[in-house]
1. With (1) buried (at least 20 other Cβ atoms within 10 Å of the Cβ); (2) closer than 24 Å to residue 167 by Cα as the list, and residue 90 as the residue in question, which single condition is left unmet?
2. Sort out which residues of region 291-315 are hydrophobic (A, V, I, L, M, F, W, C) and under 18 Å from residue 278 (Cβ atoms), and write them in order of number.
3. Could we say that residue 329 is under 22 Å from residue 41 (Cα atoms) and hydroxyl-bearing (Ser, Thr, Tyr) here?
4. Quick check on my filter: what residues within region 252-284 are open to solvent by 30 Å² or more (accessible area, probe 1.4 Å) and not aromatic (Phe, Trp, Tyr)?
5. Quick test for you: out of 218, 213, pick the one residue that is open to solvent by 10 Å² or more (accessible area, probe 1.4 Å) and either of a type outside the set (A, V, I, L, M) or modelled with pLDDT of 90 or more (or both).
6. Out of 269, 275, report the one residue that is modelled with pLDDT of 95 or more and not small (Gly, Ala, Ser).
7. Please tell me if residue 150 is surrounded by fewer than 24 Cβ atoms within 10 Å (Cβ to Cβ) and out of contact with any Leu (no Cβ under 9 Å at 6 or more places or on another chain).
Amino acid sequence: MRRNTSITLLSAGHACVDVYQGAVASLVPFFVAERAYGYATVSGMVLAASLLSSVVQPVFGALTDRWAMPWLLPVATLLGGAGVALSGVGGSYGLLLLCVALSGVGVAAYHPESARVARLASGGSHSAMGWFSTGGNIGFALAPLLVGAVVGGGGLRLTPLLVLPALAGALLCLPVLRALGGEGRSGGPGGNGAAARRGEDDWASFVKLSVAVACRSVVFVGLGAFVSLYAEQRTGGGAAAGTVALFVLYAGGAVGSVLGGALAGRWGRVAVARRACLLSVGAVAGVVCAPGLAMYVFVALTSVGLYVPFSLQVTLGQDYLPSRVGTASGITLGLAVSVGGVFTPAIGALADATSLRAALAPLVLLPAACWLLFRMLPEPPVPGGRDPRTRG
């Protein structure tokens, strides 16, 4: 199977999985409306989806350093879909938390192994990995539209229909796994096993990168949880205004991921990520302060700024820890999409005590912290000793 075909299928499968990360935040306004949950209560949903995922994802990454587990791709996809599909069944808050936690575990199990398989299929290309990441961003972007179409028309009792993307995603990854065959089961370039054990691990740089990834995650997950409600307040446009804001936040990520892969080939990953962080500082401030419809422009800029480094930070982590590619993937992806949920209840509690605008304002500081951390990072060599800016 050709590289482009493999990456296309893996990107589409990634979209089907990340629908379920976006779906949790997309369901928040419906739980507020239908079950009268407060800010702190609905933020518990995001925490439940994120907390186990933050812990479990690096564990799966460490396991893939020892054993390739391509079977995780279809199994984890189905698990992620099942949790969200069951979230609206029954009226128990405890059952809701259990379901979204189950979905979070499925998403956590998927990402480290899928990143290994994608880098193997891509031959280490930054742009190909950018397209793989873009698939996830597209899934995020489609989540509010999908949830709005399904739940908006018939209420939370229709959430079982949300399992359909998982069924599609599980089928999409099978041709790629068959094409990779023994190579996918034993590792390869950028995968686990002996071929990946080249170069020395740079743990100091990896820790700095991980802190930067965590700061970015708090901003993105915090906005994802509350930007729809904030847009309703700022524009007075009702639920439709909130759905559009969340769609723009997630759709801009697709643009950012493609730009990140393309720009890194010219200027290097660290330099591109550093400049994206500066863009994010002003963009997040605009989301908090811009009046009315102008807020949507800044939501889009925030999304692009936060997602330009997304695929780059995954390959940076892999190159900082060349002997532990699975661990690096699990931690960078786990922090990127999960750890922000741990802080979301604090944002919700502050919003209940003050206002949603006041609760979102501190997020402006975190992209600045990311910029400082990226200033301290070196551009690592890629496997094979080639200039990292030549990986197309």
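1. (1)
2. Start the filter on region 291-315 by keeping residues that are hydrophobic (A, V, I, L, M, F, W, C), which leaves 293-295, 297-301, 304, 306, 308, 310, 312, 314.
Of everything in region 291-315, those that are hydrophobic (A, V, I, L, M, F, W, C) and under 18 Å from residue 278 (Cβ atoms) turn out to be 297, 298, 299, 300, 301, 304, 306, 308, 310, 312.
3. No.
4. 255, 258, 259, 262, 263, 266, 274, 275, 278, 279, 281, 282
5. 218
6. 275
7. Criteria not met by residue 150.
One line per residue, one yes/no per condition, for (1) at pLDDT 90 or above; (2) over 15 Å from the mean Cα position of the chain (by Cα); (3) not in a helix (DSSP H, G or I):
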{"site": "48", "(1), (2), (3)": "no, yes, no"}
{"site": "70", "(1), (2), (3)": "no, yes, yes"}
{"site": "73", "(1), (2), (3)": "yes, yes, no"}
{"site": "81", "(1), (2), (3)": "yes, yes, no"}
{"site": "94", "(1), (2), (3)": "no, yes, no"}
{"site": "104", "(1), (2), (3)": "no, no, no"}
{"site": "127", "(1), (2), (3)": "no, yes, no"}
{"site": "135", "(1), (2), (3)": "no, no, no"}
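The values are calculated or read from the model by the stated rules, or taken from the named source; none is laboratory data. Just so you know, these numbers come straight off a predicted model, no measurement behind them. Please note: Cβ atoms are built from the backbone with ideal geometry, for glycine as well, and neighbour counts cover all protein chains shown. SASA here: full protein model, heavy atoms, side chains in, ligands and nucleic acids out. Shrake-Rupley method; radii C 1.70, N 1.55, O 1.52, S 1.80 Å.
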